[in-house]
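**Student:** Here's a structure for you.
The values are calculated or read from the model by the stated rules, or taken from the named source; none is laboratory data. Keep in mind the model is a prediction, meaning the values are calculated, not measured. The accessibility values were calculated without ligands, DNA or RNA, using every heavy atom of the protein model including side chains. Shrake-Rupley method; radii C 1.70, N 1.55, O 1.52, S 1.80 Å.
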Amino acid sequence: MTEIKHLNNEKNGTFEIYFDGEKAGEMTYKWAGKDKFIIDHTEVDEAYGGKGLGKDLVKAGVEYAREKNVKVIPLCPFAKKVIEK
């Protein structure tokens, strides 16, 4: 079972993903003004690879952007690839 926690402040934020209660990865972003944020890093621990957790993190970020009516700029190559699909 997975759980995603979102931490956010005025300058940056993190989406952390937990698998069976253990932190498995995170995606970080930085705010670029009030109307967009830049995803700069996505990482999942090797032990949790192949479970789609990285995609889940990116999807959570996109959902958050839609809720807040802001844009996402994916500088992280992984996030960019997921968003383009």
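**Student:** Could you give me the ³J(HN,Hα) list for segment 28-43, computed from phi with Karplus coefficients 6.51, -1.76, 1.60 and θ = phi - 60°, whole Hz, x at Gly and Pro?
**Tutor:** Once θ is set to phi - 60°, the couplings for segment 28-43 become 10, 8, 10, 6, 10, x, 9, 10, 7, 9, 10, 7, 10, 6, 9, 8 Hz.
**Student:** Pairing the Cα long axis of helix 53-68 with the longest principal axis of the chain, what angle in degrees results, from 0 to 90 and rounded to the nearest 10?
**Tutor:** The angle comes out at about 30 degrees.
**Student:** Something else about it: How much accessible area per residue does the chain have, counting only protein heavy atoms and a probe of 1.4 Å, in square angstrom? Provide the component values of the computation, followed by the final result.
**Tutor:** On the way: 5720 Å² over 85 residues.
Using a 1.4 Å probe on heavy atoms only, each residue of the chain averages 67 Å².
**Student:** Can you pull the percent of the chain's accessible area that's carbon plus sulfur, 1.4 Å probe, other chains left in place? List each step's numbers first, then the result.
**Tutor:** On the way: 2720 of 5720 Å².
Result for the chain: 48 percent of the exposed heavy-atom area is carbon or sulfur.
**Student:** Quick one: compute the contact order of segment 1-56, relative version, from alpha carbon pairs under 8 angstrom and 6+ residues apart, as a percent. Show your work: numbers first, answer last.
**Tutor:** Numbers: 95 pairs, mean separation 13.8, N = 56.
Computed over segment 1-56, the figure is 25 percent.
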